[in-house]
Amino acid sequence: MISFFIPIRKGSKRIKNKNIKPFRKFKLGLLEIKIKQLKKLIKINKKKYDFEFIVTTNCKIVESYCKKFNWIKIHKRSAGLSSDHSLQKLIDLAPKICAGKYILWTHVTSPMFTALNYKDFIENFLKRKSPKKTSAFSADKVQKFIYSNVNGWLSHNTNIIKWPRTQDLEPLYTLNSAAIIAHKKTYIKEKNRICKNPIPIVTKRNNGFDIDDKEDFTELRNKKIFF
């Protein structure tokens with residue numbers, strides 16, 4: 001079984017009520033979009049994999065909406081699990097309330113990550129997993145010149161060649177937060193939602209788009225939403 005772990009916290013500092021802010025025809029915005037995407041995933045899955053869906057929230061509106069779907073399990077988050085610095089507590093919680101062999105952590109703030117994206121992500125991970133690679137994350141591949149004020153050039157060794165072609169640079173990967181999957185034992189052993197040698201699974205352009213601030217919300221208005 002694969003457990004979908006979906007944390008949805010009440011309120012937002014950068015965008016008021018970001019997770020349930022009305023958007024286009026969606027009265028509950030990002031929440032409604034994500035539930036529709038997961039509902040379609042169930043449909044196209046055709047019982048190939050066993051899924052469970054757990055929404056952990058401290059928001060009454062989120063809780064009320066999710067109760068309409070009998071395939072969603074609701075976990076009521078306490079105040080201690082709802083602060084700005086509660087991520088580690090949620091990581092510790094996930095294996096305790098998820099029944100699946102694997103835990104897929106996802107967010108409603110990734111509205112471009114569709115049912116097919118989840119399906120492809122899961123299948124890619126299950127094909128590539130190994131005893132040493134027990135987790136994966138949705139990623140954006142970067143092949144650009146990257147510089148750090150502390151460590152200098154991260155993208156290439158200037159002692160070998162000062163300006164290589166960008167296509168010859170070793171790919172780097174940024175985690176885009178659309179999906180993170182790991183064996184349940186990884187959570188327990190590593191106290192983390194990812195192992196030491198995770199598999200970056202590159203998503204198509206824009207599929208990992210994450211809503212973090214007002215500018216992102218404005219940009220989303222110009223994008224077509226798929227399920």
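The values are calculated or read from the model by the stated rules, or taken from the named source; none is laboratory data. The structure presented is a predicted model; accordingly, all values stated were derived computationally and were not measured. FYI the Cβ positions are ideal-geometry reconstructions off the backbone, even for glycines, and counts take in every protein chain you see.
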Is the stretch 150-168 home to any residue that is in contact (Cβ under 8 Å) with a residue 24 or more places away in the chain and over 21 Å from SER110 (Cα atoms)?
yes
Identify the single condition in (1) loosely packed, with under 13 Cβ neighbours inside 10 Å; (2) farther than 24 Å from ALA94 by Cα; (3) at pLDDT 95 or above that LYS191 does not satisfy, given that it satisfies every other one.
(2)
Exactly one of LEU31, LEU38 is in contact (Cβ under 8 Å) with a residue 24 or more places away in the chain and touching a helix residue (DSSP H, G or I) at 6+ places or on another chain (Cβ under 6 Å), and that one is LEU31
Search the stretch 1-25 for residues being among the charged types (D, E, K, R) and in contact with a Phe, Trp or Tyr (Cβ under 9 Å, 6 or more places away or on another chain), and hand back the single one that is nearest to TYR102 (Cα to Cα).
LYS18
Return the pair list, or none, for Cβ contacts closer than 7 Å from residues in the stretch 1-23 that are among the hydroxyl-bearing types (Ser, Thr, Tyr) and modelled with pLDDT of 90 or more to residues that are surrounded by fewer than 19 Cβ atoms within 10 Å (Cβ to Cβ) and part of a loop (DSSP other than H, G, I, E, B), at least 6 apart or on different chains.
SER3/ALA99
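Kindly evaluate SER155 against the criterion of being closer than 20 Å to ALA94 by Cα and modelled with pLDDT under 95.
no
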Any idea which of (1) assigned to a loop (DSSP other than H, G, I, E, B); (2) exposed (fewer than 12 other Cβ atoms within 10 Å of the Cβ) is the one LYS127 doesn't satisfy?
(1)
Filter the stretch 130-154 down to the residues that are assigned to a loop (DSSP other than H, G, I, E, B) and either surrounded by 23 or more Cβ atoms within 10 Å (Cβ to Cβ) or of a type in the set (Gly, Ala, Ser) (or both) and list them by number.
THR134
Return a yes/no flag: does the stretch 178-194 have any residue that is part of a loop (DSSP other than H, G, I, E, B), in contact with a strand residue (DSSP E or B) (Cβ under 7 Å, 6 or more places away or on another chain) and within 30 Å of CYS98 (Cβ to Cβ).
yes
Residues to consider are PHE227, PHE217; find the one that is at pLDDT below 95 and under 25 Å from MET1 (Cβ atoms).
PHE227
Residue in the stretch 205-219 that is assigned to a helix (DSSP H, G or I), touching a strand residue (DSSP E or B) at 6+ places or on another chain (Cβ under 9 Å), touching a residue at least 40 places away in the same chain (Cβ under 8 Å) and closer than 30 Å to ASN17 by Cβ present:
yes
